[in-house]
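After the structure tokens below, expect a handful of questions from me.
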Amino acid sequence: MDVGAGELLERIPQGSPWVEHIVDAYSRREIGLHLAIFAEPFLSRTLCGEKTIESRFSRNRCAPFDAVGDGDIILLKAVGGPICGLAIVRQAWFFDLAFQTLDQIRETFGAGICAEQGFWDSRRDAAYATLIELAEPIEIAPLHCAKRDRRGWVALWNRQMVFEF
């Protein structure tokens, strides 16, 4: 699953601050790059800026838990569809739900998550939560991505994998 800088740059308007973000990410690799699968209506709400907090709940400590950081870039992919947007991580929070309740998370972050009651009910069995404040969402021309597994989040590379000697 390789998404090249050139492919992304072709889809970003010239003069957009995203050109610099992408060049920095691919040249220095000090910024994490993540692929996140979004279902509707969350994808549309994210791209228009209404949804400002992305949330991922899991029973295991898996990506994006402890894998995403401030300044990372997220490629937004539609379920069963192409990559159609980008966002930057402004801030990320990681919660062990044995110590932080779902109700506390909903109270603090619910407005930015933009979810209905059914969403919260379906997360009651989760053990971990990752909350990501999104910045600068942008819609791009569709970019095909050959992802075939069921993961909802893939760390294409992250800052934890960067070694300097």
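Just so it is clear, none of the values below were taken in a lab; they were calculated from the coordinates. Everything quoted here is computed from the prediction, not taken from an experiment. Reconstructed Cβ throughout: ideal geometry from the backbone, glycine too, with neighbour counts over all protein chains shown.
Pairs please, first residue from segment 32-55 and closer than 22 Å to His21 by Cα, second anywhere and crowded, with 19+ Cβ neighbours inside 10 Å and among the polar types (S, T, N, Q), Cβ atoms under 6 Å, 6+ apart in sequence or on different chains.
Gly32/Asn158
Yes/no matrix, rows are residues, columns are (1) under 15 Å from Leu43 (Cα atoms); (2) touching an Asp or Glu at 6+ places or on another chain (Cβ under 9 Å); (3) touching a residue at least 12 places away in the same chain (Cβ under 8 Å); (4) surrounded by 17 or more Cβ atoms within 10 Å (Cβ to Cβ):
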residue	(1), (2), (3), (4)
Ile113	yes, yes, yes, yes
Gly118	no, no, no, no
Ser122	no, no, no, no
Leu131	no, yes, yes, yes
Glu136	yes, no, yes, no
Ala146	no, yes, yes, no
Arg150	no, no, no, no
Trp153	yes, no, yes, yes
Leu156	no, yes, yes, no
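Could I ask something else about it? Name every residue in segment 12-37 that is over 30 Å from Phe57 (Cβ atoms) and in contact with a Leu (Cβ under 9 Å, 6 or more places away or on another chain), in order of residue number. Spell out how you get there, then give the answer.
Filtering segment 12-37 down to residues over 30 Å from Phe57 (Cβ atoms) leaves 12-17, 19-20, 23-24, 26-28.
If the condition is that a residue be over 30 Å from Phe57 (Cβ atoms) and in contact with a Leu (Cβ under 9 Å, 6 or more places away or on another chain), then Ile12, Val19, Val23, Tyr26 are the ones that fit.
What are the residues in segment 9-53 that are over 16 Å from Arg90 (Cα atoms) and touching a Gly at 6+ places or on another chain (Cβ under 6 Å), if any?
The one that is over 16 Å from Arg90 (Cα atoms) and touching a Gly at 6+ places or on another chain (Cβ under 6 Å): Ile37.
Residues of segment 1-26 being surrounded by 13 or more Cβ atoms within 10 Å (Cβ to Cβ), closer than 18 Å to Ala146 by Cα and hydrophobic (A, V, I, L, M, F, W, C), which ones? Write out each step before concluding.
Going residue by residue through segment 1-26, those that are surrounded by 13 or more Cβ atoms within 10 Å (Cβ to Cβ) are 3, 5, 7-9, 11-12, 16, 18-19, 21-26.
Add one more test, that the residue is closer than 18 Å to Ala146 by Cα, and what stays is 3, 5, 7-8, 11.
Val3, Ala5, Leu8, listed by residue number.
Looking at segment 63-93 only, could you name the residues that are farther than 21 Å from Thr108 by Cβ, surrounded by fewer than 16 Cβ atoms within 10 Å (Cβ to Cβ) and in contact (Cβ under 8 Å) with a residue 24 or more places away in the chain?
Once the filter is applied, which keeps residues that are farther than 21 Å from Thr108 by Cβ, surrounded by fewer than 16 Cβ atoms within 10 Å (Cβ to Cβ) and in contact (Cβ under 8 Å) with a residue 24 or more places away in the chain, segment 63-93 yields Val79, Gly81, Pro82.
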